[in-house]
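A quick write-up on the structure given underneath.
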Amino acid sequence: MKRVLLIKYGELSTKKGNLNFFIKTLYHNICHKLEKYPVKISRDRARTYIEFEEKDLNDIKGIIDHIFGIHSYHIANVVETKDEVIQSELLKMVSEEKFSSFKIDVRRSDKSFPIHSQDYNRVLGGLLLKNIPNIHVDVHNPELLITVEVREENSYIYYHTYHGCGGYPVGTQPRGLLMLSGGIDSPVAGYLALKRGIVLEAVYFEAMPHTSIEARNKVIHLCEKLAAYTDMIHLHVVNFTPIQESIYKNCREDYCITIMRRMMYRISERLAKRHKAYAIINGESVGQVASQTLTSMSVINQVTNMPVIRPVACFDKLEIIDIARKIDTFDISIIPFEDCCTVFVPKHPVINPSLDTCIEEESKFDYESMIEEAVKSKNTLKITDHMDLDEFRDLL
């Protein structure tokens, strides 16, 4: 008996006129992710179907679990659309399950099939009650919800539901640039941006020798985790040392973090424009640290006209940690290697900075030429979800 993965779209089905674009993008993403497996993939406006070899099922499920645009999926048995064939296969399948209550849900899209949906519910329910002992029907809270989709060419029988990532397929939105640090928040922000279909690139600011190669490798590992939800992420590594040292040499200590963030935004904007990104994305959460008060965000944001997306802006820390655990970035993020945002933190950073003071402090050194050099000298790594760090040892 042939089995397929039957994929349901969920939110995509609300797209109406754009539905074909979203389904086509999801189809191509699935094909790309499964290109190493001998699968056959087909689609229509309601479902995508993946025919697979049984030995590959667990691997394929693991990949499907990381593809955005999939609301849920089922392992469905495919049968000929004939009453006697459907009944025979249903009884065979369900006899192998352990349950005490069940419900039959027939969906008859093939209107030429002679038995109406509600009548067929009763026919199939009676079949199970007659042949399987110690079971009963529960239409409100069944242990086993059995779905029978009656279609023109083939029918599908399934009961176990596997939940997908939801969201939109990556590629249904253009590119965004993620400011990726080694902390907990920015990888979660990247995950949530991918979930809305944004093609992701990332920038990491390092300040050698004040930060370490281990801190860089930590960010590469975080980028790997995000790459599992797409095909590949370009990680731009920026040497921030000259700028950071100049800030702490020339500027008021309490304003150093604010000015540092303004420099990062300037660099991010230039990188975004160079790589045709339409927004800057980061992990700022309102009120979490001094540079993330609304006043600080406003002053920092003044240096760019690009949209700045903050996916976790209104999440509390525990909510962010829950997502970080879910996407397997939390344990990496808490490894204690300092990045350039933490290595020079002043004792009393300003909470409500003045824009005029920032401009005055920035005038004390030639940051424009440093920014140009930082953008010009950045290194770019292509990160996939199966990287070997050894190949990067001599690149940076």
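Rule-based calculations on the coordinates, nothing more; no lab input. None of these values were measured; they are calculated from a predicted model. Heads up, the Cβs are rebuilt from the backbone with ideal geometry, glycines too, and the neighbour counts pull from every protein chain shown.
Things worth noting here:
- Gaussian network model of the chain, Cα within-10 Å springs - most flexible of PHE99, PHE365, PHE240: PHE99
- Estimated D of the chain in µm² per second, where Rh is the Kirkwood radius over Cα pairs and Stokes-Einstein applies at 20 °C, 1.002 mPa s: 89
- Ordering SER13, LEU145, SER72 by the projection of their Cα atoms onto the charge dipole of the range 3-163, which places +1 on the Cβ of Lys and Arg and -1 on the Cβ of Asp and Glu, puts SER13 at the extreme positive end.
- For the range 278-358, the list of trypsin sites (Lys or Arg not before Pro) that fall in a loop by DSSP and count at most 14 other C-beta atoms within 10 angstrom reads LYS347.
- Converting the Cα gyration tensor eigenvalues of the range 31-160 into ellipsoid dimensions via √(5λ) gives semi-axes, longest first, of 28, 18, 13 Å.
- For TYR168, nonlocal amide neighbours, meaning residues 5 or more places apart or on other chains whose placed amide H falls under 5 Å from its own, are GLY69, ARG196, GLY197.
- Counting only alpha carbon atoms, the long axis of helix 213-227 and the longest principal axis of the chain meet at about 30°.
- Remark: the range 167-178, residue by residue, has Karplus-estimated 3J(HN,Hα) of x, 10, x, 4, x, 7, 10, x, 7, x, 10, 8 Hz, where x stands for each Gly or Pro and the curve is 6.51 cos²θ - 1.76 cosθ + 1.60 at θ = phi - 60°.
- Computed from backbone phi, the HN-Hα couplings of the range 192-201 come to 5, 5, 4, 5, 8, x, 6, 6, 10, 10 Hz, rounded to whole numbers (Karplus: 6.51 cos²θ - 1.76 cosθ + 1.60, θ = phi - 60°; Gly and Pro given as x).
- Ellipsoid equivalent to the range 172-392 - semi-axes via the Cα gyration tensor, in Å: 26, 19, 17
- Theoretical ellipticity at 222 nm over the chain - DSSP helices of four or more residues, -39500 (n - 2.57) apiece, nearest 500: -11000 deg cm²/dmol
- A Förster radius of 51 Å, combined with the Cβ-Cβ distance separating PHE99 from LYS16, puts the computed FRET efficiency at roughly 0.85.
- Applied to the range 306-313, the Karplus parametrisation 6.51 cos²θ - 1.76 cosθ + 1.60 on θ = phi - 60° returns per-residue 3J(HN,Hα) values of 6, x, 10, 9, 10, x, 9, 3 Hz, with x for Gly and Pro.
- Computed E for ASP328/ASN250 - FRET, C-beta separation, R0 56 angstrom, nearest 0.05: 0.85
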